[in-house]
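S.K.: I have a structure here, written as structure tokens, and I will follow up with some questions on it.
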Amino acid sequence: MGETMTRSVSWKPWHWALYWQILLALILGVGAGLLWGREAVWPGGFRPYALYDFLGQTFLRALRMVIVPLIIGSIITGVASVGASRNLGRLFGKTFGWYITTSLLAILTGLILVNLVQPGLVDGEPVGTRLGLEALPEELADGLSGRGAADLVGIIQRMIPTNPLDAAARGEMLPLIFFCLLYGIALTLLTERQRQAQLPFFESLFAAMMKITSWVIAVAPVGIFGLMAKIIANSGFAAFGPLARYGMTVLAALMLHAVVTLPLLLWLVARLPGHRHARIMAPALLTAFSTRSSSATLPLTLTRVEKGAGVSNRISSFVLPLGATINMDGTALYECVAALFIAQAYGVSLGIGAQVIVVLTALLASIGAAGIPAAGLVMISIILDAVGLPLEGVALILAIDPVLDMCRTCVNVWSDSCGAVVIAHSEGEIVLRNTADETANLPST
Ligand code: ASP
């Protein structure tokens with residue numbers, strides 16, 4: 001312990017804890033993106049933008065490579081071990097209950113702030129005309145046109161894969177998770193001999209995937225540098241200008257939820273200080289921020305929750321993949337603020353009844369949104385449709401969406417990780433067994 005206290009700071013970043021490395025990569029990425037933008041050319045004709053793109057995309061591909069086999073191994077072993085102790089129903093109930101509760105709290109935070117700040121009005125005038133509705137990009141318009149309130153039924157229907165292998169091959173998470181849950185339950189109902197013919201295979205599949213994941217995580221700072229530099233090179237901070245008040249409302253609500261509500265719940269239920277858990281989760285949160293994808297971050301979330309927070313594989317492999325897909329507090333909050341902002345911008349004032357519909361559809365839209373970049377943006381159409389607003393309103397918030405997506409994805413992953421710890425605590429597990437490791441190699445105390 002004394003050794004930890006007197007350890008000197010290493011100036012070699014590769015000796016630092018992962019989250020410091022990622023933070024450095026984020027800062028360097030922003031700097032590089034500002035310095036050498038999309039059109040910059042280095043001597044010799046080399047374009048730095050191509051390098052950012054290469055590093056970022058290669059990292060994303062590596063993350064995506066592990067997701068499907070990791071989910072299959074993780075859910076089947078998780079459910080089979082929970083199911084064997086006949087606790088599956090209880091665990092599922094708790095997980096679902098927690099997820100719905102935190103999502104609703106997030107939405108309410110957004111609802112209150114957007115009503116207080118009224119970002120859609122400037123001097124009492126709707127901002128819609130001032131901002132001028134831009135035309136929707138074609139691919140987004142296509143995505144939107146097939147969606148609406150009737151799509152909610154579709155979300156439930158699409159949970160059931162017509163062909164599980166096809167769902168896996170396409171990387172469709174919800175049907176894949178649904179099938180793996182069923183498969184895990186079925187395994188627990190087999191005879192011991194039949195179960196033992198399969199379970200060890202899935203356990204070792206999961207262990208091997210976690211190993212590959214750790215290799216991908218080791219190079220995360222390089223990939224994150226590329227992703228960040230590319231985002232900044234593309235849009236800079238200019239997008240913030242006219243939408244500042246709306247963006248700030250979303251960010252303030254996300255902050256309130258992430259820094260006040262969730263840590264408070266974490267403390268009340270699990271007696272765990274939020275800042276300590278945040279430190280453990282930092283690599284996953286920073287990865288969520290730069291990849292804008294809860295699904296792509298799942299390998300890191302799983303690793304940090306198990307190795308850092310000490311949650312058992314039994315709990316985390318059940319709670320986290322489910323959370324990455326259906327528990328999106330940040331997205332739910334954002335849906336609500338964005339829909340009300342659009343209504344205000346059009347000069348439409350929504351009454352209590354309509355706002356209740358917004359809350360409920362925001363919840364469902366967040367459950368149905370995939371854990372991929374901009375999924376939440378596309379889902380807004382469900383809410384607009386439900387309260388009768390024109391879908392073109394989405395054009396108002398396009399420019400600023402990537403920045404908000406980064407922040408809401410971070411909150412999505414943060415909420416999943418808090419959920420895992422709370423559920424583990426409620427199941428009598430001791431968490432935080434490895435906190436000592438977390439402070440190793442920090443450049444400062
Ligand atoms: N990008 C978010 C996520 O992956 C979803 C969204 O667009 O809100 O969690």
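S.K.: Treating only the Cα positions of region 325-434 as identical point scatterers, give the base-10 log of I(q)/I(0) from the Debye formula at each q in 0.18, 0.23 Å⁻¹.
M.R.: Log10 of I(q)/I(0), two decimals: -0.83, -1.19.
S.K.: Who wins for biggest fluctuation among Leu35, Leu286, Leu174 in a Gaussian network model of the chain, springs between alpha carbons below 10 Å?
M.R.: The residue that fluctuates most here is Leu35.
S.K.: Using a Förster distance of 25 angstrom, determine the FRET efficiency expected from the C-beta separation of Leu182 and Ser204, and round it to 0.05.
M.R.: Efficiency, from the Cβ-Cβ distance: 0.70.
S.K.: If each residue's Cβ is checked for other Cβ atoms within 10 Å, how do Trp267, Trp14, Trp414, Trp98 rank with the fewest at the top?
M.R.: Neighbour counts put them in this order, fewest first: Trp14, Trp267, Trp98, Trp414.
S.K.: Simple spin-label model, 7 Å along Cα-to-Cβ: Lys12 to Val259 in nm?
M.R.: Placing both labels 7 Å beyond Cα along the Cβ direction yields 3.6 nm.
S.K.: Right, here's the next one. At 0.36 nm per residue, and after removing the present C-alpha to C-alpha distance, how many nm does the segment from Asn234 to Ala197 gain when stretched out fully?
M.R.: 8.1 nm
S.K.: So what is the calculated 222 nm ellipticity per residue for the chain, using -39500 (n - 2.57) for each DSSP H run with n of 4 or more, over all residues, to the nearest 500 deg cm²/dmol?
M.R.: -23500 deg cm²/dmol
S.K.: Leaving out same-chain residues fewer than 8 places away, which lysines sit with a Cα under 16 Å from that of Lys211?
M.R.: By straight Cα distance, Lys211 reaches Lys307.
S.K.: In addition: With 10 angstrom as the radius, rank Lys94, Lys211, Lys12, Lys230 by how many other C-beta atoms surround their C-beta, starting from the fewest.
M.R.: Lys12, Lys211, Lys94, Lys230
S.K.: Connecting C-alpha atoms closer than 10 Å in a GNM of the chain, tell me which of Val68, Val30, Val260 has the biggest fluctuation.
M.R.: Sorting by GNM fluctuation, first place goes to Val260.
S.K.: Only Cα pairs within less than 10 Å get springs; with that Gaussian network setup on the chain, which residue of Leu268, Leu391, Leu256 has the largest fluctuation?
M.R.: Among Leu268, Leu391, Leu256, the largest GNM mean-square fluctuation belongs to Leu268.
S.K.: For the residues His425, His257, what sequence is obtained by ranking on other C-beta atoms within 10 Å, fewest first?
M.R.: Fewest-to-most ranking of His425, His257: His425, His257.
S.K.: Scaled to the compact-protein estimate 2.2 N^0.38 Å, what is the alpha-carbon radius of gyration of the chain, rounded to two decimal places?
M.R.: Cα-based Rg divided by the globular estimate yields 0.99.
S.K.: Please list, by residue number, everything in region 334-350 whose backbone N is under 18 Å from a paramagnetic label point 7 Å out along Cα→Cβ of Arg245.
M.R.: Inside the label zone: 337-350.
S.K.: If you scale each eigenvalue of the Cα gyration tensor by 5 and take the root, what three semi-axes come out for region 155-261, rounded to whole angstrom and sorted largest first?
M.R.: The three semi-axes for region 155-261 are 41, 21, 16 Å.
S.K.: Give the long-range amide H neighbours of Val122: residues separated by 5 or more places, or on another chain, with amide H under 5 Å away, using H modelled in the peptide plane at 1.01 Å from N.
M.R.: It is Val127, by chain and number.
Read the figures in this text as sums done on the coordinates, not as results from a lab. Fair warning: this is a prediction, and the values are worked out from it, not measured in the lab. Note: ideal-geometry Cβ built from the backbone for every residue, glycine included; neighbour counts use all protein chains shown.
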